[in-house]
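Novice: I have a structure I would like to understand better, so I am pasting it below and will then ask my questions one at a time.
The values are calculated or read from the model by the stated rules, or taken from the named source; none is laboratory data. Worth saying up front: this structure is predicted, and the values here are computed from it rather than measured. Cβ placement follows ideal geometry from the backbone for every residue including glycine, while neighbour counts extend to all protein chains displayed.
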Amino acid sequence: MDEMIRPAQTMEQGEMLSKALRKMEDHEAIVVSKNGKYAGILASEMLLRFNANADNVKIGSVCKKGIVMQEKDASKTSELIRKFSSENTHTIVVLDSKNRIVGIVRRADVLRRATDALSKSTVSEFMEKIGSVESSQTVEKAEGIMAKSQGATELAVLEKGKFVGVLTSRNLAVKIKPYLHKKMHRVEQHIKIDLEKEIVKNILTPSFEIQRLSMNQSAISALEKTGFEDGFVFDGNRLLGKFSASKILGNLEFEEPAHIELSGLGVEEAMFKESIFEECESLIKKYGKGGALHLRVKSARKGKGKKIYEVHGRFEIDGKAYVCSTPEIKQHRENWDLSMAVSEVLDELKKSYLKGKGKRAQRD
């Protein structure tokens, strides 16, 4: 399993929603299955308008399709960034070719991979406005505001104009939907909540639990401070807006490391390895981002003279493969050094690729 893919917290679709809500106190999302196959995902924001009795409702009736990726694609950081930046989600479910659940990828883990690209960025570049609600308003009123705010999952909570905390969809999911679960002496008590009377102040995340950010703070330090999630930007005690991790992903341009394989190098050739890698990397960056380059080196002694080299290359890009070996050029047979052989092969691979690309363009 790729290091980005975490084990998923799963439940069968026939289990009761009340059980899932209790698990969501410790897990941000529940992956729902049907006979071992993927059926959907249950995340806190999906429950904004749910007011029924969770003891009588099965998970399958409220879970959503969710965002999924195939396992082969989820191993590519650039693909994950594109997926997270185009979808308003914290979690992507990873499936195998038979629709079985492999695990999940969290947006926070993807952001950890991309910190180099943010080295010169500040919080102000990724700040967004955030809606608000008075602390004395009912939970039902707050739900309505959140639901109308085009995918908003949090509101700033004000008391007589002063910021006192944040109301999130997670607060609603684990504290309100539709019971407040309290564990006392290993016995669960279910306390019915009246959404028309319960006020926001009773379930918000208080101000002292909020990580405060400043506009000129570096984006990397802000991400680390907030656990690679959204944060809140302040000027003194005045809330300016939200520091959006999803907006960061939308602005990132991330390149996968070049896939290069070298085989056949002996101890004597080890000192050339770095320069060969640099030449290969240069070819991929210029002509084949996302491609792979394989070089296999053979060497032999020419009588009592120095070693001569033969190099075989394979360049894979856009579903095509281009192959080349060191040309049979007479002046090279007697005095073929490694650097010359590699350069010749890379040049031939480049010509083959450009020729093939030209033919495809003519057909199109």
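Novice: Tally time: how many residues in the stretch 16-50 are without any contact (Cβ under 8 Å) to a residue 60 or more places away in the chain, exposed (fewer than 15 other Cβ atoms within 10 Å of the Cβ) and over 17 Å from Leu172 (Cα atoms)?
Specialist: The number of residues fulfilling the criteria is 2.
Novice: List, please: which pairs have Cβ atoms under 9 Å, are six or more places apart or on different chains, and start with a residue in the stretch 72-89 that is in contact (Cβ under 8 Å) with a residue 60 or more places away in the chain and end with one that is buried (at least 17 other Cβ atoms within 10 Å of the Cβ) and among the small types (Gly, Ala, Ser)?
Specialist: Within 9 Å, the pairs are Ala74/Gly103; Thr77/Ala114; Leu80/Ala74; Ile81/Ala114; Phe84/Ala245; Phe84/Ser246; Ser85/Ser246; Asn88/Ser246.
Novice: Still on this structure, I have one more. For Leu118, indicate whether it is closer than 22 Å to Ala245 by Cβ and touching a residue at least 40 places away in the same chain (Cβ under 8 Å).
Specialist: Working: closer than 22 Å to Ala245 by Cβ: yes; touching a residue at least 40 places away in the same chain (Cβ under 8 Å): yes.
Against the criterion (closer than 22 Å to Ala245 by Cβ and touching a residue at least 40 places away in the same chain (Cβ under 8 Å)), Leu118 qualifies.
Novice: Would you mind stating whether Lys76 is surrounded by fewer than 16 Cβ atoms within 10 Å (Cβ to Cβ) and in the same structural domain as Val94 (by TED's automatic domain parsing)?
Specialist: Working: surrounded by fewer than 16 Cβ atoms within 10 Å (Cβ to Cβ): no; in the same structural domain as Val94 (by TED's automatic domain parsing): yes.
Spelling it out, it is not the case that Lys76 is surrounded by fewer than 16 Cβ atoms within 10 Å (Cβ to Cβ) and in the same structural domain as Val94 (by TED's automatic domain parsing).
Novice: Any chance the stretch 295-318 includes a residue that's modelled with pLDDT of 70 or more, more than 36 Å from the chain's Cα centre (by Cα) and of a type in the set (Gly, Ala, Ser)? So that I can check it myself, show each step before the final result.
Specialist: Filtering the stretch 295-318 for residues modelled with pLDDT of 70 or more gives 295-300, 307-318.
So of that shortlist, the ones also more than 36 Å from the chain's Cα centre (by Cα) come out as 297-300, 307-312.
Subsequent filtering for residues that are of a type in the set (Gly, Ala, Ser) retains 299-300.
Within the stretch 295-318, one or more residues are modelled with pLDDT of 70 or more, more than 36 Å from the chain's Cα centre (by Cα) and of a type in the set (Gly, Ala, Ser).
Novice: Within the stretch 30-61, take every residue that is at pLDDT 90 or above and among the aliphatic types (A, V, I, L, M) and give me the one that is farthest from Ser97 (Cα to Cα).
Specialist: So in the stretch 30-61, the residues at pLDDT 90 or above come out as 30-35, 37-42, 58-61.
After this cut, where a residue has to be among the aliphatic types (A, V, I, L, M) as well, the list is 30-32, 39, 41-42, 59.
Details: Ile30: 21, Val31: 17, Val32: 17, Ala39: 15, Ile41: 18, Leu42: 22, Ile59: 24 Å.
Per the criteria, the residue is Ile59.
Novice: Could you list, in sequence order, the residues of the stretch 95-120 that are surrounded by fewer than 17 Cβ atoms within 10 Å (Cβ to Cβ) and not basic (Lys, Arg)? Walk me through it before giving the result.
Specialist: If we filter the stretch 95-120 for residues that are surrounded by fewer than 17 Cβ atoms within 10 Å (Cβ to Cβ), which is where we start, we get 96-100, 108-109, 112-113, 115-116, 119-120.
Answer for the stretch 95-120, where residues must be surrounded by fewer than 17 Cβ atoms within 10 Å (Cβ to Cβ) and not basic (Lys, Arg): Asp96, Ser97, Asn99, Ala108, Asp109, Thr115, Asp116, Ser119.
Novice: So the check is Cβ under 6 Å with 6+ separation or different chains; which pairs have a first residue in the stretch 336-354 that's crowded, with 19+ Cβ neighbours inside 10 Å and a second one that's small (Gly, Ala, Ser)?
Specialist: What qualifies is Val345/Gly313; Leu349/Gly313.
Novice: Taking only pairs six or more apart or across chains, which ones have beta-carbon atoms under 7 Å, a first residue in the stretch 285-304 that is at negative phi and surrounded by fewer than 17 Cβ atoms within 10 Å (Cβ to Cβ), and a second residue that is in a loop (DSSP other than H, G, I, E, B) and at pLDDT below 85?
Specialist: From residues that are at negative phi and surrounded by fewer than 17 Cβ atoms within 10 Å (Cβ to Cβ), the pairs are Lys285/Ala258; Lys289/Glu255; Arg296/Gly264; Lys298/Gly264; Lys302/Glu334.
Novice: Okay, moving on. Quick check on this structure: which one of Lys65, Lys58 is in contact with a strand residue (DSSP E or B) (Cβ under 6 Å, 6 or more places away or on another chain), under 26 Å from Ala142 (Cα atoms), of a type in the set (Lys, Arg) and touching a residue at least 12 places away in the same chain (Cβ under 8 Å)?
Specialist: Details: Lys58 fails: in contact with a strand residue (DSSP E or B) (Cβ under 6 Å, 6 or more places away or on another chain).
From the options Lys65, Lys58, the qualifying one is Lys65.
Novice: Do we find that Lys129 is under 23 Å from Ser214 (Cβ atoms) and of a type in the set (Lys, Arg) in this structure?
Specialist: Numbers: under 23 Å from Ser214 (Cβ atoms): yes; of a type in the set (Lys, Arg): yes.
Here the answer is yes, as Lys129 does meet what is asked.
Novice: Quick check on my filter: what residues within the stretch 80-91 are touching a strand residue (DSSP E or B) at 6+ places or on another chain (Cβ under 7 Å), in a helix (DSSP H, G or I) and not hydrophobic (A, V, I, L, M, F, W, C)?
Specialist: Lys83
Novice: Another question, then. How do the strands (runs of 3 or more DSSP E) wholly within the stretch 1-70 filter down when requiring 3 or more residues that are more than 18 Å from the chain's Cα centre (by Cα): which remain?
Specialist: Working: elements: 10-12, 29-34, 37-43, 68-70.
Those strands (runs of 3 or more DSSP E) span 10-12, 29-34, 37-43.
Novice: What single numbered condition from (1) at pLDDT 90 or above; (2) surrounded by fewer than 19 Cβ atoms within 10 Å (Cβ to Cβ) fails to hold for Ile92?
Specialist: Evaluating Ile92 over (1) at pLDDT 90 or above; (2) surrounded by fewer than 19 Cβ atoms within 10 Å (Cβ to Cβ) leaves (2) as the failure.
Novice: Among the strands (runs of 3 or more DSSP E) contained in the stretch 214-288, which hold 1 or more residues that are at pLDDT 85 or above, under 24 Å from the mean Cα position of the chain (by Cα) and not small (Gly, Ala, Ser)? First the steps, then the outcome.
Specialist: Working: elements: 231-235, 238-243, 259-263.
So the answer is 231-235, 238-243.
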